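A.B. asks: Sharing a structure here in structure tokens format.
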Amino acid sequence: MDAVTSGAGALHAREEVLAVAETLGAPVIKTLPGKAVIPDDSPYAVGGIGLLGTKPGEELVEDCDTLLMVGTNFPYTKHLPEPGKVRVVQIDADPARAGVRMPTEVPMIGDAKEGLAALLPLLRRIGDRAHLEKYQKAMAEWRENMAALENPERAPIAPQYLIGCVDRAASDDAILTCDSGTIATWAARHWTIRGDREFYLSGNLATMAPGLPYAIAAQLAHPDRQVIAFIGDGGFAMLMAEFLTAARLGLPITVVVNNNGSLGQILWEQMVLGYPEHGVRFGAPSSDFSAWARSCGGYGRKVTDPAEVDEAVRQALAHPGPALVDVDVDPNEPPMPGKVARDQAVKFAEAFLKGQPHKAAIATTLFKDKISQLGR
């Protein structure tokens, strides 16, 4: 039972990755920096792995006996197969990376596109598609569950609904840039790679605030394409002056602020370690970054009503210059792992027992999530 893991080093090798997947009948896992390697609606795509990944992606790692790693140096080894349990072939341009994350039986040093093209004629087509079909079915269920969370009637606004509106309104060649944090979870699961779409974030350093400068760079490099920065309120506050840079350069970037009034990723990391949150929620006054956008000469709109989200996003995308939509989302929406491990559940419960101050609101949000999924 085969699996392919593709990373940023394979972004230029979409056709070759898909051809190998077809030949082997192998589902394809995508690392987050490699999200745009193949389309998300591909019959071979099973999403990602790790805390921001999908349940089928996590299960595939445990289920495969042969793994082809293409252009990836995925560092979170606890989410990779146990050493010795799978046969590994790795294609990487840097010889120093061969076998670094996993014991590698066959290291192939070279460009992903060229390496796969050379490998393809040597592969035997696998006729039995049961393994692939198993994960196609699992991904169909996963996509339904994710779509159910994009609930336009939830108040406070569900962050999944916000990024879902961005996904539906954006063009098929849009470039999405993202900060690190809970927003990376929503983007990973609800920003759909289709057509020539691209996706960039700080995959190596997990830096908080690069989404806006990435968007400026992308717009300068691709002036005819739609460029969207999906940013948290913490990250935007760090580099918000760069919106003025975009305005002065006349760059038509669209900034969507996922405003949860907190350092969300740190909040949930504290809880998954078994501790109640501490020092991660911003107090009064609440932020309104739309005023800053307008003061720079750009489009700015504050949204607190879920009924306004879709229209506000579409207006911002249609604006000829820099635009910003600041959306207040539910601060108690947890970015749950695709597959919750027992130790994670235990630590989460410990945080509740030790006095997690917003446990009732978090429990209510989780209950609403489950109701949305059951009612899909």
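A.B. asks: Just the number, please: carbon plus sulfur as a percent of the accessible area of the chain, 1.4 Å probe, no ligands or DNA/RNA counted.
C.D. replies: Ligands and nucleic acids excluded, carbon and sulfur reach 57 percent.
A.B. asks: So, in nm, how far is label Tyr275 from label Ala155 when the simple model puts each one 7 Å beyond its Cα toward the Cβ?
C.D. replies: 3.6
A.B. asks: If you don't mind, another one. Could you sort 26-34, 343-351, 163-171 so that the peptide with the highest average Cβ count within 10 Å comes first and the rest follow in order?
C.D. replies: Details: 26-34: 27.1, 343-351: 14.9, 163-171: 21.6.
Per-residue mean Cβ counts within 10 Å order the peptides as 26-34, 163-171, 343-351.
A.B. asks: Could I ask something else about it? Using Cα-Cα distances under 8 Å and only pairs 6 or more residues apart, what relative contact order does the chain have, in percent?
C.D. replies: On the way: 775 pairs, mean separation 58.5, N = 376.
Computed value for the chain: 16 percent relative contact order.
A.B. asks: Only four residue types carry charge here, +1 at the Cβ of Lys and Arg and -1 at the Cβ of Asp and Glu. Report the dipole size of the range 77-174 about the Cα centre in Debye, rounded to the nearest 20.
C.D. replies: Approximately 440 debye in magnitude.
A.B. asks: Let me ask something else about it. Checking the a/c ratio against 1.5 first, then a/b against b/c, what shape does the Cα gyration tensor give for the range 7-48?
C.D. replies: Cα axes put the range 7-48 in the oblate bin.
A.B. asks: Given a 1.4 Å probe, how much area per residue of the range 170-262 is accessible, in Å²? Before the final figure, lay out the partial values.
C.D. replies: On the way: 3150 Å² over 93 residues.
I get 34 Å² per residue for the range 170-262.
A.B. asks: Moving on to the next point. Sort 84-97, 303-316 by packing, meaning the average of other beta carbons within 10 Å per residue, with the highest value first.
C.D. replies: Ranking the peptides 84-97, 303-316 by packing returns 303-316, 84-97.
A.B. asks: Let me ask you something else. Specify which residue in the list Val309, Met102, Thr245 is farthest towards the positive end of the charge dipole of the chain, using unit charges on the beta carbon of Lys, Arg (+1) and Asp, Glu (-1), about the Cα centre.
C.D. replies: Farthest towards the positive pole: Met102.
A.B. asks: If I ignore ligands, DNA and RNA and count only protein heavy atoms, how much of Lys339 is accessible to a 1.4 Å probe, in Å² to the nearest 10?
C.D. replies: So the heavy atoms of Lys339 present about 80 Å² to solvent.
A.B. asks: Residues of the range 151-192 with the amide nitrogen closer than 17 Å to a label point 7 Å from the Cα of Thr245, along Cα-to-Cβ, please.
C.D. replies: Once the point is set 7 Å along Cα→Cβ of Thr245, 177-180 turn out to lie under 17 Å by backbone N, inside the range 151-192.
A.B. asks: Enter the Cα centre distance for the pair the range 298-312 and the range 327-362, rounded to the nearest angstrom.
C.D. replies: Measuring centre to centre over Cα atoms gives 28 Å.
A.B. asks: Assuming 0.692 mPa s and 37 °C, estimate D for the chain with Stokes-Einstein, Rh taken as the Kirkwood radius over Cα pairs, in µm²/s.
C.D. replies: Values: Rh = 21.4 Å.
Value of D from the Cα-based Kirkwood radius: 153 µm²/s.
A.B. asks: Name the lysines eligible as straight-distance cross-link partners of Lys137: C-alpha to C-alpha under 23 Å, and not fewer than 8 places from it in the same chain.
C.D. replies: Lys30, Lys35, Lys55, Lys339, Lys370
A.B. asks: Can you compute 3J(HN,Hα) from phi for each residue in the range 145-152, using the Karplus curve 6.51 cos²θ - 1.76 cosθ + 1.60 with θ = phi - 60°, rounded to whole Hz and x for Gly and Pro?
C.D. replies: 5, 5, 4, 5, 6, 7, 8, x
A.B. asks: While we're looking at this one, here's another question. Taking the Cα centroid of the range 152-212 and of the range 82-120, what is the distance between the two, rounded to the nearest whole Å?
C.D. replies: Cα centres, the range 152-212 to the range 82-120: 30 Å.
A.B. asks: Could you give the size of the charge dipole of the chain about its Cα centre, using +1 on the Cβ of each K and R and -1 on the Cβ of each D and E, expressed in debye and rounded to the nearest 20?
C.D. replies: Value, rounded to 20: 400 debye.
A.B. asks: Moving on. Just going by the charge dipole of the chain, with Lys and Arg at +1 and Asp and Glu at -1 on Cβ, which of Ser42, Leu324, Pro337 is farthest out on the positive end?
C.D. replies: It is Pro337, whose Cα lies furthest towards the positive end.
A.B. asks: Related question: Starting from a Cα-only point model with no solvent, please compute log10 I(q)/I(0) by Debye for the range 47-94 at q = 0.14, 0.32 1/Å.
C.D. replies: Ignoring solvent entirely, the Cα scatterers give -0.33, -1.36.
A.B. asks: Here's a follow-up. Treat every Asp and Glu Cβ in the range 168-325 as -1 and every Lys and Arg Cβ as +1, leave all other atoms uncharged, and give the resulting dipole magnitude about the Cα centre to the nearest 20 debye. Before the final figure, lay out the partial values.
C.D. replies: On the way: 11 positive and 15 negative charges, 29 e Å.
With Lys and Arg at +1 and Asp and Glu at -1, about 140 debye.
A.B. asks: Please work out the average accessible area per residue across the range 34-165, using the 1.4 Å probe convention, and give it in Å².
C.D. replies: Per-residue accessible area for the range 34-165 comes out at 47 Å².
A.B. asks: Moving on. What ranking of Ser262, Ser287 comes out by heavy-atom accessible area, probe 1.4 Å, highest first?
C.D. replies: Ser287, Ser262
The values are calculated or read from the model by the stated rules, or taken from the named source; none is laboratory data. All figures in this text were calculated on a predicted structure; none of them were measured in a lab. Cβ atoms come from the backbone with ideal geometry, glycine included; neighbour counts cover every protein chain shown. Only protein heavy atoms, including side chains, enter the accessible area calculation; ligands, DNA and RNA are left aside. Shrake-Rupley method; radii C 1.70, N 1.55, O 1.52, S 1.80 Å.
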